[in-house]
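We did not get these values from a lab; they are worked out from the coordinates using the rules stated. Remember, predicted model here, so these are calculated numbers, not experimental data. Note that each Cβ is placed from the backbone with ideal geometry, even for glycine, and that neighbours are counted across all protein chains shown.
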Amino acid sequence: MKERLMDYLVTSTGALTIQDILMNFLIGAVIGCVIYLSYRMSHGGAAYSARFNASLVMLTLVTTLVMNVIGNNIALSLGMVGALSIVRFRTAIKDPRDTAYIFWCIAVGICCGVSEYLIAAVGTAVIFTFMLIFGLVQSNERYLVILKGNAESGESVEVLMDDKFQGKARLVVHTAMENSVEYIYEVSEKQLKKAKESGDIMKYFRENTKLDMVNIVCQNDEINR
């Protein structure tokens, strides 16, 4: 019994012809390009990374290659899982949607590697549609309004902030020194856009207070002007 089981584990391989292998890579490349297009359409501005997008296509092809090697060889598949389990990736994911794209590429590569083209095509069509729909969802970033000036400008800063943001700005930090003060307010992206409709925010504070510095900083380390 043990000999039969060992023989099955070692000899149960999928005999792929050169035509099958090329077809797997061709379909994988085509669907990878669809994923590339989806990522390009659903990401805009600074959120878009051309290098990451190109790596999605390569990830699809690499996964297809791995599945071509494994085939239906159980012993080889177990060894591959053990080998890949020691790999640690340290690349930071800036957008949570990027994780979904990575898993999408891996799933497509697996399907193409085992010649399940219909599943790969239908799944890609469904995911592509949902990615475009949810790609329109905009995040409501949080911004910090940093104000620094002389001690005399303290009271006027609080009044002007309440007036500009209709009392919705949240005071995070208030630092008072002998000759200077510093205020840090937290506002949402929606509140910031609404405040800008009535005029430039920085110009508004410079004209009405004696401030040395007015900064508007996004909490994801992007600076908004």
*Could you check the simple spin-label distance between E189 and I133, using points 7 Å along Cα→Cβ, in nm with one decimal?*
2.1 nm
*So what's segment 142-218 giving for Cα Rg divided by 2.2 N^0.38 Å, two decimals?*
1.00
*asked:* Under 16 Å between alpha carbons, and skipping anything fewer than 8 positions from K190 in its own chain: which lysines qualify?
replied: K164, K168
*asked:* Run the reach check for K148 against lysines, Cα to Cα strictly under 16 Å, same-chain hits fewer than 8 apart removed. What comes back?
replied: K203, K210
_Simple label model, 7 Å out from Cα along Cβ direction - V172 to N208, nm_ = 2.2 nm
*Using a 10 Å cut-off on Cβ atoms, rank the peptides 60-66, 161-167, 37-43, 195-201 from the highest mean neighbour count down.*
60-66, 37-43, 161-167, 195-201
